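Worksheet for the structure shown next.
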Amino acid sequence: MAGRTALVTGAGRGLGFEMAKALAAAQATVMLNGRDAARLEAAAQALRGMVEGAQVGIAPFDVADTDAGVAAIEAIEARYGALDILINNVGARDRRALADFSASEAAALIGTDLIGPMMLARAAAGRMAVRGHGRLITVTSIAGHVANRNDPVYTAAKAGLTGLMRALAVDYARAGITSNAIAPGMFATETNQGLVEDAAFSAFVDIRVPSGRWGRPAEIGGAAVFLASDEASFVNGHVLVVDGGQTIRM
């Protein structure tokens, strides 16, 4: 993937960082996004230490701020010539019953999880279309396919992202742009550390997931590299589920 430039949102830690690392290992130039510039710089430094010769930069902005996202893409293209790969990974979660959400709270969560990625994809795709090549990758969730109690707004946003991904796959295919999604299952990330350490919940994971364990964060990287690569040039509108088989178990 030498010569390609990627922007990965929410890449300061967790699955975003792992996807960025995998892309860097495949020789892409990778820009890490998040709201905390200091955390991003630390992540970039760590990545350079892990991947010899890694070309890594940072692009701090809030994905919910459309103007900031457009400015970041313009800055990346001014520096590197093109943005070839966009991985929309950022996602906020608020596990509450719908009755407990105010309209403004629901709108804020939808803004971060759906509207922000939508507008960022719009900005990136418009530029990719001019060049006749691009990769739009949306990180959804198995929550976009199956539901759990007290998680309605996040579930709605992830289902919306899946629909958005498919619509973009139709709209931009003839411009040489593919649009696909990665739907992670239960991964042992920093965010889930409390659940990982909860013996009862981990026992549930053992029963519910055919693989019998949590996903290791590094196991998400290959999915991102494949969908971003030339080898996936005829893969369009697909959701690649990475969940150890959880969503196919009765």
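Computed quantities for the displayed model
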quantity: Projected area averaged over orientations for the range 1-125, convex hull of C-alpha atoms, nm²; calculated: 7.8 nm²
quantity: Burial order of peptide ranges 238-248, 221-231 (average beta-carbon count within 10 Å, highest first); calculated: 221-231, 238-248
quantity: Placed amide H near ASP94: partners under 5 Å, 5+ positions off or other chain; calculated: TYR154
quantity: Among ALA6, GLY53, GLY69 the positive-end extreme of the charge dipole of the range 1-88 (Cβ point charges); calculated: GLY53
quantity: Separation of alpha-carbon centers, the range 235-250 and the range 112-160, rounded to whole Å; calculated: 16 Å
quantity: Acute angle (nearest 10 degrees) that the helix 152-172 long axis makes with the longest principal axis of the chain, alpha-carbon atoms; calculated: 30 degrees
quantity: The chain: calculated mean residue ellipticity at 222 nm from DSSP helix runs of at least 4, using -39500 (n - 2.57); calculated: -13500 deg cm²/dmol
quantity: Sequence ranges 183-193, 9-19, ranked by mean other-Cβ count within 10 angstrom, highest first; calculated: 9-19, 183-193
quantity: Probe 1.4 Å, accessible area per residue of the chain, Å²; calculated: 46 Å²
quantity: Apportionment of accessible area to carbon and sulfur, the range 184-242, percent (1.4 Å); calculated: 59 percent
quantity: Charge dipole (the range 149-250, unit charges on Cβ, about Cα centre) - positive-most of ALA203, ILE220, ALA156; calculated: ALA156
quantity: Modelled FRET efficiency - R0 45 Å, ARG48 with MET250, Cβ distances, 0.05 increments; calculated: 0.50
quantity: Highest average packing first - 98-111, 133-146, Cβ atoms within 10 Å; calculated: 133-146, 98-111
quantity: Helix axis angle, 14-25 relative to the chain longest principal axis, alpha carbon, degrees; calculated: 40 degrees
quantity: Rounded if a/c under 1.5, otherwise prolate or oblate - the range 89-221, Cα gyration tensor axes; calculated: oblate
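The values are calculated or read from the model by the stated rules, or taken from the named source; none is laboratory data. This structure is a prediction, so every number in the text was calculated from the model and none was measured. Here the Cβ is made from the backbone with ideal geometry for all residues, glycine too, and neighbour counts use every protein chain on show. Remember, those area values only see protein heavy atoms, side chains included, never the ligands or the DNA or RNA. Shrake-Rupley method; radii C 1.70, N 1.55, O 1.52, S 1.80 Å.
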